[in-house]
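Novice: Below you'll find the structure I mean.
The values are calculated or read from the model by the stated rules, or taken from the named source; none is laboratory data. These numbers were taken from a predicted model, which means no experiment stands behind them. Here the Cβ is made from the backbone with ideal geometry for all residues, glycine too, and neighbour counts use every protein chain on show. The accessibility values were calculated without ligands, DNA or RNA, using every heavy atom of the protein model including side chains. Shrake-Rupley method; radii C 1.70, N 1.55, O 1.52, S 1.80 Å.
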Amino acid sequence: MAPKGPPKKPKKEVDWASDEHFTKDRSMIYVEHTYECPIFTTKAEECGTFFAQRIPERKFQLVRNKYGKQVPREGAFEIGFSQNARTSVHEIWTGLDKGPPRRDKFPNYESLVPEVQKILKKFYPDKAVGVEDEEDEDRDDMM
């Protein structure tokens with residue numbers, strides 16, 4: 001049986017940390033997701049879209065399964081976030097031990113915003129958006 005058409009070309013990997021592509025204004029979203037069902041791919045794309053719309057002051061780059069180089073674990077849906085391509089990755093969600101039902105593997109993206117904001121503020125306080133100082137929040141709680 002002859003192969004049908006040329007093999008799919010993997011998406012070209014971009015080194016976002018290289019001087020050519022780097023900007024401290026581009027945050028990275030890393031998603032590991034299984035291919036066992038198309039909803040995992042859809043939810044990964046939704047994650048990138050959500051943060052781009054929710055925090056329009058920043059650029060976001062979604063990297064799925066390390067550009068296809070990572071073989072995802074069965075049932076995996078994990079989200080990592082870094083302030084930019086040269087800072088460490090922080091895991092902000094794991095659905096690995098969640099479900100069934102399958103919907104439990106995916107977060108409510110709005111619930112991840114405080115963690116993302118905390119990471120943005122940690123590295124570049126002047127670049128964080130929509131974040132109050134923790135002291136201000138504590139003061140508000142006391143009133």
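Novice: Say we look at the stretch 69-93 and pick out the residues that are in contact with a helix residue (DSSP H, G or I) (Cβ under 9 Å, 6 or more places away or on another chain) and of a type in the set (V, I, T); which of these is most open to solvent (accessible area, probe 1.4 Å)?
Specialist: V71
Novice: Restricting to the stretch 94-126, what's the tally of residues that are polar (S, T, N, Q) and open to solvent by 60 Å² or more (accessible area, probe 1.4 Å)?
Specialist: 2
Novice: Restricting to the stretch 18-30, name every residue that is closer than 17 Å to R58 by Cβ and either without any contact (Cβ under 8 Å) to a residue 24 or more places away in the chain or aliphatic (A, V, I, L, M) (or both).
Specialist: Scanning the stretch 18-30 gives M28, I29.
Novice: Which ones in the stretch 40-63 are basic (K, R) and open to solvent by less than 70 Å² (accessible area, probe 1.4 Å)?
Specialist: K43, R58, listed by residue number.
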